[in-house]
Each structure stands twice: as C-alpha cells, then as structure tokens.
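*Asks:* Before anything else, here's the structure in question.
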Amino acid sequence: MVTPQTQQTSPSPLDIIVIGAGLSGLSTAISCALAGHNVVILEAAKELAEIGAGLQITPNASKIFQQFGVYDELEATAAEPSFLQVRRFCDGKILSRTDDFNGDMRRKYGAPFWDLHRVDVQRALADRARQLGAELRLGARIADVDFDGPLVKLENGEKITADLVVGADGLWSKCRERFLAMKGQSDSPLPTGDLAYRIVLKLDEVDDPVLREWISKPSCQFWIGPGAHVVAYSLRDGYMFNIVLLVPDNLPANVARQPGSLDEMRQLFSSWDPVLNRFLDQVKTAVDKWKLMHRPELDSWVSEKSNFVFVGDACHPMLPYLAQGANSSIEDGAVLGNVLAALDAKSQLPQALSLYEQLRKKRSEAIVRETFAQRKDFHMVNGMEQQARDELMLSQLGTQITTRFPSRWQCPEVQPWLYGYDAQKETEAALREAPLGRARQARSVDECRR
Ligand SMILES: Cc1cc2nc3c(=O)[nH]c(=O)nc-3n(C[C@H](O)[C@H](O)[C@H](O)COP(=O)(O)OP(=O)(O)OC[C@H]3O[C@@H](n4cnc5c(N)ncnc54)[C@H](O)[C@@H]3O)c2cc1C
C-alpha cells in the first residue's frame, strides 16, 4: 500500500497559468496548488468532454494519486488486472503470461496497476484541483503567448499575466508553435504510421457467457500480429471492457480522426483469434479511427526567461504502446509542483525549472523511444525474427522472466525503471543534492485537504 506523503509549501507563492485541462494540466494544477501557488487553468473546451475510453494507470502514476488526494476515489472505480497475457494473433496461442499481476505490481512498486475510465480520472483530477483553490476557466482558448511577460492572449482578446505559464495544451500545442516561432523554428505532429480503433463494451450489453467472464474478471490481454496488435482490459470494476486495435494508418495525411467503417475493421481482423472476433461481433456501430502522432524532441522545455515550461503531450507525445502518455504527463505535473514547493523566492525560478527539466526530459524521451521499440517487437511480420521472438517468450512461460523480454510490460529490465519511478522521491533526492534555498515548512496532505 502507498504510504501517506507530506507536502511542502513554498513561502513565495507564484501566480501560475496552466494552459490546457487535460491530464497533464490538471496534474500540474493540483501539484502546484498543493505547493501553495495560485493556479488558473485556461481550457479551450466549453465543458470537460465526457468522451474517452480506457486508461491504463501504472504504479508510477497511481503512487502520485496518493499524493494528490484522489487515490481512494479512483480505487473505487478501478479494475485491477489479476493476470497479463500476450497471445499470438491468429490462433490465440499464449506466448506469455504473468499470474497475480496486480499482486506483483503492488509488491514490487508499492502501488497498483489500474485500468480506469478516462472520464473518471479527468473528473477526479478536475474536482480536486478546484477543491484546492485552482480556478478552472472553460471556453478560454489561447491565441498567443508572449514569452517576455509572460503574457497569455486569449482568442476573445483578453490578456493575462503570471509569474509562470505552463504549456499543457497537448499534441497540437499552440504554446509549442509560439515557443518555436520565437526561436525562428517550427514543427508539426508527425504520423507514426499507425492508427487506433478504440472500443468500449458494457457488460450488461453482452450475452455471450465466455465474453462476460473475460469482462467481469479483470485481466490485461494482448494479441500480437504482423504490423498490428490489440490490447484489451476491463474498466469500472469489471462492468466495462476496453479494446484498442492498433493497425497501419490509412487515413488521409491531413485527417487526425475519422469515423471508421465497421466492415473495414472486421476485415482487418478476420484471420485473428476467434475470441477476439467474438468481441468484435459485439460492436454494432462504426468506431472512430485515431491517427497516432508524435513530434521531434525539443531542445529545451523552458523559455529563456524561465517564465514558461512544458508538460505532457505538448513536449513528449508518444505511441500508446506502453500506456505511458498520461502516466508520464502525471509524473510531469507532480515533479513540477514538487520542485516549486521548494521555492523560497521568485528569483529561484530559473534554478527550479532547470531542475524540473533535468528530472523529466531525459526520462520522457527515453519512454518515447521505448514505445517505438515496443512496436517493433509486437508488430513483427511472420518469419525468422518473429519465430525467435516467440521462442524466447515461450521459453519463459510459467517461470519468473529473467531475460530482456519482448513485452516491456513484463520485462525485468524495462518494467522497473518505468513503473518503479517515484516522482516525490526523485525530486527530494535532487533537491537534497542541489537545494534551491533554505529550510521550508512542511504540512501533511490531510492539512491541505481541509
Ligand atoms: C489510443 C490511445 C490510447 C491511450 N492509452 C493510454 C493509456 O492507457 N495510458 C496512458 O498513460 N496514456 C494513454 N494514452 C496517451 C494519453 O491519452 C495522452 O498522452 C495524455 O492524455 C496527454 O495529456 P495532455 O494533458 O498532455 O494532453 P491532452 O489530453 O491533449 O490535453 C490538452 C488540453 O489542452 C486543451 N487545449 C488545446 N489547445 C488549447 C488552447 N489553445 N487554449 C486552451 N486550451 C487548449 C485541449 O482542449 C485539452 O483539453 C493513449 C493515447 C491514445 C491515442
């Protein structure tokens, strides 16, 4: 079980504008509010969208939910997979299986692996941010950022200043566009070559007893095949089932999302495991196709005047093949707030943001690279390389995996650095080595809640 954390607060409160109320922006808002700063979140959407599908929250982020004070609420709605399994696409042959996966995660990393509905996470974080005093302004679309001020210009002409602006506006980030333009540069989201179909089924709409068993007993299932893979897991304590089909991108270049044809989707998987096809039989309406995009690495995440910083997909979008986009965005928010809790004076902001970048940039970019490596290992075409992969996986079946493993979800080399990351401990250790200022006051999370 995760132990209760103490929360430091800065004696020098900053006015912070967070642009975007996605998971990175909301995490930043909570963490900065807990650190004693004044936070305004500017979100373009008129309401926090009730759309979304499943979200795998790994121990590196579920641990942070304890610090944020949303752990108990989310635990009530989570599905915790009792095993994780990787199957061959065509016949469903099990290539790898980790039993007691949930127990293994809690034992190794001191926090759970949860499968959650994205809406539940977003709602819990937004409520918590407001409860801590953050102001959430909806329908507030940013048109420009002036990095001298910093000054944020809204589309309605309104101008707002702050001590610090946080760019949390996602893959299509306006902040990133303006940040690069200031340096005479530009970039745009790049296709990864893959797209995703995202499906959510409800237990009470499924009659097939075999499928009902799959849904109501949470597990995490993969099927891997040539150029494609599928991940499926339960949500909402086994009352919902999330299926993501990851296939080659055939959307037009300028289209990021489009309703897909049911026939096309079924055709793509017609030769796959009959159980998967029984799940796809349950899908009655067209499912959206989402182009999976990424972006080049940025030279820096912090503005020259140290009054602007990036978090989340705006600075490190990735393939969802390790389910780390949101998890690493939550880490960003937590680390930024933890560092800013140590601020004794505004003059320390450059040092604080530099420490944040040092703690976050290398790790996030390593995760991005690992997501592409996971694609390579999951999407191998049939042939000698694929046979060697399958033999390696089968050689570890029923035993403790002891070798570098094609599924990073279970790999003894990758899993520890991915899931074992502790945002609070990392920041504390870095601050011990390079303190920003003198001793600070500490208060418990319970005090912050009051
Ligand atoms: C198929 C798929 C499955 C995934 N599964 C997982 C998973 O299981 N686990 C996981 O960790 N990650 C997963 N991810 C990745 C994850 O969803 C993202 O990495 C994460 O949500 C990024 O959060 P963000 O807050 O940085 O960006 P976003 O969620 O994109 O939020 C950005 C916000 O900024 C707002 N905004 C944009 N422009 C402006 C503007 N000009 N002014 C004001 N506001 C603005 C937007 O409206 C939005 O609310 C998945 C992604 C995909 C595509």
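The values are calculated or read from the model by the stated rules, or taken from the named source; none is laboratory data. No experiment lies behind these values; they were computed from the predicted model shown. All Cβ positions, even for glycine, are placed from backbone atoms using ideal geometry, and neighbour counts span all protein chains on display. Heads up: the accessible areas ignore ligands, DNA and RNA and are worked out on the full protein's heavy atoms, side chains in. Shrake-Rupley method; radii C 1.70, N 1.55, O 1.52, S 1.80 Å.
*Asks:* Where the second residue is part of a loop (DSSP other than H, G, I, E, B) and of a type outside the set (A, V, I, L, M) and the first is within 16 Å of ALA314 (Cα to Cα) and lies in segment 357-381, which pairs have Cβ atoms under 6 Å and are six or more apart or on separate chains?
*Replies:* Listed pairs, sorted by first residue: GLU357/TRP301; LYS361/TRP301; SER364/HIS316; GLU365/GLU297; ILE367/GLN324; VAL368/HIS316.
*Asks:* LEU268 is checked against (1) touching a strand residue (DSSP E or B) at 6+ places or on another chain (Cβ under 6 Å); (2) open to solvent by 30 Å² or more (accessible area, probe 1.4 Å); (3) within 28 Å of ASP332 (Cβ to Cβ) and fails just one. What number does that condition carry?
*Replies:* (3)
*Asks:* Give ASP144, ASP194, ASP169 a once-over and let me know the one that is within 14 Å of the ligand (Cβ to nearest atom), of a type in the set (Asp, Glu) and open to solvent by less than 20 Å² (accessible area, probe 1.4 Å).
*Replies:* After applying the criteria, what remains is ASP194.
*Asks:* Could you count how many residues in segment 315-340 are near the ligand (Cβ under 6 Å from one of its atoms) and either open to solvent by less than 10 Å² (accessible area, probe 1.4 Å) or in a helix (DSSP H, G or I) (or both)?
*Replies:* Count: 6.
*Asks:* Moving on to the next point. List the helices (runs of 4 or more DSSP H) inside segment 53-117, counting only whole elements, that have at least 3 residues being within 17 Å of GLN410 (Cβ to Cβ).
*Replies:* In segment 53-117, 101-109 are the helices (runs of 4 or more DSSP H) which contain 3 or more residues that are within 17 Å of GLN410 (Cβ to Cβ).
*Asks:* Would you call LYS376 closer than 30 Å to GLU426 by Cα and not aromatic (Phe, Trp, Tyr)?
*Replies:* Criteria not met by LYS376.
*Asks:* Now for a separate question. Scan LEU392, LEU436 and give me the residue that is surrounded by 12 or more Cβ atoms within 10 Å (Cβ to Cβ), aliphatic (A, V, I, L, M), at pLDDT below 95 and over 15 Å from LEU84 (Cα atoms).
*Replies:* Being surrounded by 12 or more Cβ atoms within 10 Å (Cβ to Cβ), aliphatic (A, V, I, L, M), at pLDDT below 95 and over 15 Å from LEU84 (Cα atoms) holds for just one of LEU392, LEU436, which is LEU436.
*Asks:* Which of the numbered conditions does VAL231 fail, given that it passes all the others? Conditions: (1) closer than 23 Å to ARG97 by Cβ; (2) out of contact with any strand residue (DSSP E or B) (no Cβ under 6 Å at 6 or more places or on another chain); (3) open to solvent by less than 20 Å² (accessible area, probe 1.4 Å); (4) hydrophobic (A, V, I, L, M, F, W, C).
*Replies:* Every condition holds for VAL231 apart from (2).
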